[in-house]
Amino acid sequence: MHTPEIDWKRTDILIQLALEEDLGDLGDTTTNSVIPADLKATAVLIAKEDLICAGLPVAERLFHTLDLEIVFTAKVKEGEACPRGTVMAEISGPARALLTGERTALNFLQRLCGVATASHKYQELAGERAKILDTRKTTPGWRNLEKYAVAVGGAFNHRIGLYDRIMIKDNHRELAGMEGKGGILRSVRRAREMYPQLEIEVEVDSLDELDEALLSGAEYILLDNMDNEQVVQAVGIARNKARLEASGNVTLGRIPSLSETGVDFISSGALTHSVKACDISMNIKI
């Protein structure tokens, strides 16, 4: 598992694309025609609901992309709980830049706070019994930021991409099985030979497949769409021979009971693909 820091090279590209999308060829026509060029102002970012903060550095970077004169002062820390009404940051500088960057900065911040808030809820329900993991079900181009927000919220990152862990899933197993019996064993052996530096995870759908996965020596085994009773049986069979991850049909309501089964990890794509953006506003201080 990895805990990513913000990849500024990728994030700067996202910021630039987002600004270009908003500004087009003419720029912020409303602001440029209504607001004097030399006007200075101060604004605050306010949480309109209870949330976990994530993404303030990205909002700051966006405003500085528009104008380096802007002073961005964070009032809370990343990962901090922000009750409704919390002033999350104060921003001062050229009024035009504040208004031009408002919506785009909030789009980044609200999305990342949404991911962090969901992450916090999931891990809080699991307690110390199991670690909640994210998946690769992320917004294209946003993976680094969304996985950053998951970690900020208190849950944990699974592999970042296809390059940092061998993960033999159902379709890999099906194709490997076309060569004959022992597909899992054969797949793990080949992976070890080609990428000896990487850990290996095998996804299984049944207890029979679990036996073969354990025999293969894979470090991690993903129990796909098993009910709690099957997970308990799998934990008993594995007996610390491999670390077990439960995945599939993971809901907030199921996490407490699933975490009691003895499984090491619980993964959920919902941490990134189904979160609601948090409600945050930017208000000009009068």
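Coordinate-derived values only; no laboratory data. Every value quoted in this text rests on a predicted model; they were computed, and no experiment measured them. Please note: Cβ atoms are built from the backbone with ideal geometry, for glycine as well, and neighbour counts cover all protein chains shown.
Can you give the convex hull volume of the alpha carbon atoms of the chain per residue, in Å³?
Per-residue hull volume (Cα only) is 138 Å³.
Sort out for me the Cα centre separation of segment 1-67 from segment 227-286, rounded to whole Å.
Using only Cα atoms, the two centres lie 32 Å from each other.
Compare Leu145, Leu214, Leu68 in a GNM of the chain, Cα atoms joined below 10 Å, and give the one with the largest fluctuation.
Leu68
Within the chain, which cysteines find no other Cys whose Cβ is under 4.7 angstrom from their own?
Cys53, Cys82 - these cysteines have no disulfide-compatible partner (Cβ-Cβ under 4.7 Å) in the chain.
Taking the square root of 5 times each eigenvalue of the Cα gyration tensor, what semi-axes in Å does the equivalent ellipsoid of segment 124-273 have, largest first?
25, 20, 13
In cubic angstrom, how much convex hull volume per residue do the alpha carbon atoms of segment 163-231 span?
Expressed per residue, the convex hull around the Cα atoms of segment 163-231 is 87 Å³.
Enumerate the helices in the chain for which the Kyte-Doolittle hydropathy averages -1.0 or more and the C-alpha atoms extend at least 20 Å along the helix's axis, using complete DSSP H runs.
Once both thresholds are applied, what remains is 8-23, 95-126.
Which pairs break 23 Å Cα to Cα here: Lys147/Lys276; Lys9/Lys121; Lys9/Lys75?
From the list (Lys147/Lys276; Lys9/Lys121; Lys9/Lys75), the Cα-Cα distance tops 23 Å for Lys9/Lys121; Lys9/Lys75.
Relative contact order for the chain: what percent, with Cα pairs under 8 Å and sequence separation of 6 or more?
23 percent
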